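Just so you know, all these numbers are worked out from the coordinates, no wet-lab data involved. Keep in mind the model is a prediction, meaning the values are calculated, not measured. Cβ coordinates were reconstructed from backbone atoms using ideal geometry, including for glycine residues, and neighbour counts include every protein chain displayed.
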Amino acid sequence: MIAKILVAVDGSEPGMRAADCALEIARRFAASVTIVNMLDSMEPYVATMEAASCLSRIVDLALETQSSILNNTRASFDAAGVTCTSRAESGPRVDTIVEVAKSEQSDLIVIGARGLGKIKRVMLGSTSEGVVHQAPCAVLVVH
């Protein structure tokens, strides 16, 4: 039985397809959904006040984008009458998704096959692949 779904969104087309898929599954099973978006941790060493000011603007823009992604995704679920919550998180994507799935006691994680992290994927492997290997529940990877 699927009662709790976690969907990870990043604003990419595959992420939006994952949200659409999670919405349909939630409707069919009358499941609740948690929508999560992660910001990478930003822990650079800042040598000057000018650099700190620039970083502050970048962080503000990232937080605005995160909020927009979550609000737009949540609006789709609300319009469909699906019970949902959203979580703005920061940290390593795979670890964060797995930890949220554990804390929410999710029965299913829905994630896009490829998101916005193309350079990282080449260097570190894909988020979806990492989630599949570490998840505490079933994972649906949407192409």
Revision key, fill the gap. Phi-derived 3J(HN,Hα) across region 67-74 with the Karplus relation (6.51, -1.76, 1.60, θ = phi - 60°), rounded Hz, x for Gly and Pro, is 4, 5, 4, 5, 5, 5, 5, 4
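How much length is gained if the chain between ASP20 and VAL132 is pulled fully straight, taking 0.36 nm per residue apart and subtracting their Cα-Cα distance, in nm to one decimal?
38.4 nm
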Point to revise | Nonlocal amide H pairs with GLY91, under 5 Å, H built at 1.01 Å | key: LEU39, ASP40, SER41
Revision key, fill the gap. Going from the fewest other Cβ atoms within 10 Å to the most, one would list CYS137, CYS54 as CYS54, CYS137
Practice item. Order by neighbour count: ILE111, ILE58, fewest other Cβ atoms within 10 Å first, most last. Key: ILE58, ILE111
Check your understanding: What are the residues whose amide H is under 5 Å from the amide H of ALA31, where those residues sit 5 or more places off or on another chain and H is modelled from the backbone?
Key -> none
